[in-house]
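The values are calculated or read from the model by the stated rules, or taken from the named source; none is laboratory data. No experiment lies behind these values; they were computed from the predicted model shown. With ideal geometry, Cβ positions are generated from the backbone for all residues, glycine too; neighbour counts draw on all protein chains shown.
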Amino acid sequence: MIKIDNATDIKDIARGAVLLGTGGGGDPYVGELFLQAQLKKGNAPRVVRLEDAPDDALVITIAGIGSPSVMLEHLASEKTLLEILRRAERLYGRPVDMLISCEIGGVNSMFPLALSAISGLPVLDGDGVGRAIPRTEMSTFSIYGCPATPGLILDESGNSVVIETVNDLDAEKVVRAVTSALGASVFGAFYPMTGAEVKRVAVNGTLTKSQEIGRCIREAREGSLDVFDTLLGHLNQDGRFATILFDGKIVDVTHETRGGWHWGRATLKPLSDADDVFTVDIQNEFTVARRNGETVTIVPDLITILDRESGEPITAERLAYGQRVKVIGYSADPLLRTPEGLCVIGPRNFGIDEDYRSIEELTKS
C-alpha cells in the first residue's frame, strides 16, 4: 500500500493524476500545497486497499466540481473540507467511514487525501472512472448500479444545496446548474456506498497507479533516461496499450468557460516542415484527437499532453501557444470499454458524431 509522508510522494501522485486526468480534473497544485502544509503539521493522509473496506462501511466521494480554470483560482481550506464532511454525515444520518475519489484526475485525486489528512478518515485506493470525466453520471459507480444521490454541494461561502434526483443524468443537470450559479467552483459529496458496493463498482488501484506514473517520470528525468521510452514501457503493462500520437508544437489554442465547463481546442503542427495538422478537442478533458482530420484516439480512451523535454503532463487550461509537446494515447480501464460503459461514456455522450473505436484499432490500422 502506498505511503504519503513527504513532498516528493505528493508531487508524484499529482503528476500521475494529471496524466490520468487527460487534461481535466483541475490543476492539482492547490491540493499539493494543502497536503504539504498538513504534512508539516504531522497530518498525513491514510490510503487503504479497496479490498480492505468493510462491507458495512459508509463510503462517499469528495470532489471539486466546476470549470477547472475557475477552480484553479480557489484555495482549499480546512474549514470547507471539514464542513462538507459534517453536512454529509448529517444528510446520511451516520458517520462517514471512508472516502474515495470520484475520479483520479488532477485536483480531484488530492481533495480526498486532503480531507483524510485533517479528519483521519482513510481513502480507498481506487476511484469511479480511472481518469477524469466532465459529468456526474459518467462513473463506474453510476454505470454499475450505485446512484450519485442523495448528495450535496457546498461553496466556500457556506452555501449548500442537497440534491436528490431520480437518476444520475438528472443529478448532473441539477449539479451543473447550481454550480454555475455559485460561481463555477464548489465542493460535492456524492455516491454514498457501502464497502461491499464500492468493491464491486470501483476502478481499483488508481492512487497507486498515479504515484507509480509520477515516480516513473521523475526517476527517468533524474537518471537522464528517455522519459517517453520509460513512460511507455510502464504504461504498456497489464494488458493496456499506450503510444505517442504526435510530437510537435501548439500553433493555436482556444479556451472558453461555458455552462460550468472548460471548452476548447488545441491545434498542433510538427517541429519539422511537414504539413500534418493535429487537433485535440477539450470538454474539461481531452475528448478526441485527430491527425489530418482522421481520429486517432477518442473517449473513453485517454489522451494526455506532456512537455516534450521534461515529460511533465499539462492540464488543458495550461495549454498555450508555442509549447513543444508530445501527445500520448492510452487505453481506458476495461470497465469503461464494456457495452454498459460505452453507453454512458462513449463519444456520442460528448456530442461527438462517431462511434467508439479503440486506440489499438485506430493506431494500428
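Values computed for the structure shown
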| read-out | value |
| --- | --- |
| Top-ranked residue in region 268-295 [being small (Gly, Ala, Ser) and surrounded by fewer than 16 Cβ atoms within 10 Å (Cβ to Cβ); ranked as modelled with the highest pLDDT] | Gly293 |
| Qualifying residue in region 303-316 (condition: more than 25 Å from Cys216 (Cα to Cα) and outside any strand (DSSP E or B)) | no |
| Flag if Thr140 is in contact with a helix residue (DSSP H, G or I) (Cβ under 9 Å, 6 or more places away or on another chain), β-branched (Val, Ile, Thr) and without any contact (Cβ under 8 Å) to a residue 60 or more places away in the chain | no |
| Lone unmet requirement of (1) at pLDDT below 95; (2) buried (at least 17 other Cβ atoms within 10 Å of the Cβ) for Thr194 | (1) |
| Boolean, Gly93 is assigned by TED's automatic domain parsing to the domain that holds Gln36, over 30 Å from Ile305 (Cβ atoms) and at pLDDT 95 or above | yes |
| Gly105 vs. criteria of a type outside the set (S, T, N, Q) and crowded, with 20+ Cβ neighbours inside 10 Å | yes |
| Of all residues making up region 159-199, the number that are farther than 22 Å from Met110 by Cβ and touching an Asp or Glu at 6+ places or on another chain (Cβ under 8 Å) | 9 |
| Unique match (being in contact (Cβ under 8 Å) with a residue 24 or more places away in the chain, under 30 Å from Glu309 (Cβ atoms) and surrounded by 13 or more Cβ atoms within 10 Å (Cβ to Cβ)) among Glu340, Glu360 | Glu360 |
| Residue that is nearest to Gly195 (Cα to Cα), among those in region 4-59 that are among the basic types (Lys, Arg) and in contact (Cβ under 8 Å) with a residue 12 or more places away in the chain | Arg49 |
| Looking only at region 54-89, and only at residues there that are out of contact with any Gly (no Cβ under 7 Å at 6 or more places or on another chain), more than 17 Å from Val162 (Cα to Cα) and hydroxyl-bearing (Ser, Thr, Tyr), the one that is modelled with the lowest pLDDT | Ser69 |
| Pro95 being in contact with a helix residue (DSSP H, G or I) (Cβ under 8 Å, 6 or more places away or on another chain), buried (at least 20 other Cβ atoms within 10 Å of the Cβ) and touching a residue at least 12 places away in the same chain (Cβ under 8 Å) | no |
| Thr338 being closer than 20 Å to Thr206 by Cβ and modelled with pLDDT under 95 | no |
| Within region 146-166, considering residues that are of a type in the set (A, V, I, L, M, F, W, C) and not in a strand (DSSP E or B), the one nearest to Tyr191 (Cα to Cα) | Ala148 |
| Hits in region 21-38 (condition: touching a Pro at 6+ places or on another chain (Cβ under 9 Å) and in a helix (DSSP H, G or I)) | Leu35, Gln38 |
| Residue in region 25-50 that is surrounded by the fewest Cβ atoms within 10 Å (Cβ to Cβ), counting only those that are under 20 Å from Val186 (Cβ atoms) and of a type in the set (A, V, I, L, M, F, W, C) | Leu33 |
| Those residues of region 226-267 which are more than 20 Å from Gln323 (Cβ to Cβ) and surrounded by 15 or more Cβ atoms within 10 Å (Cβ to Cβ), in sequence order | Thr230, Leu232, His234, Leu235, Arg240, Phe241, Ala242, Thr243, Thr257, Gly260, Trp261 |
| Test result for Ser310, closer than 29 Å to Gln211 by Cα and surrounded by fewer than 23 Cβ atoms within 10 Å (Cβ to Cβ) | yes |
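For every residue, the table says whether it meets (1) closer than 28 Å to Val299 by Cα; (2) touching a residue at least 12 places away in the same chain (Cβ under 8 Å); (3) assigned by TED's automatic domain parsing to the domain that holds Tyr92; (4) in a loop (DSSP other than H, G, I, E, B).
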| site | (1), (2), (3), (4) |
| --- | --- |
| Ala114 | no, yes, yes, no |
| Asp125 | yes, yes, yes, no |
| Pro134 | yes, yes, yes, yes |
| Arg176 | yes, yes, yes, no |
| Phe187 | yes, yes, yes, no |
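Yes/no matrix, rows are residues, columns are (1) closer than 23 Å to Leu362 by Cα; (2) part of a helix (DSSP H, G or I); (3) under 21 Å from the mean Cα position of the chain (by Cα):
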residue	(1), (2), (3)
Ala196	no, yes, no
Ser210	no, yes, yes
Cys216	no, yes, yes
Ile250	yes, no, no
Thr267	yes, no, no
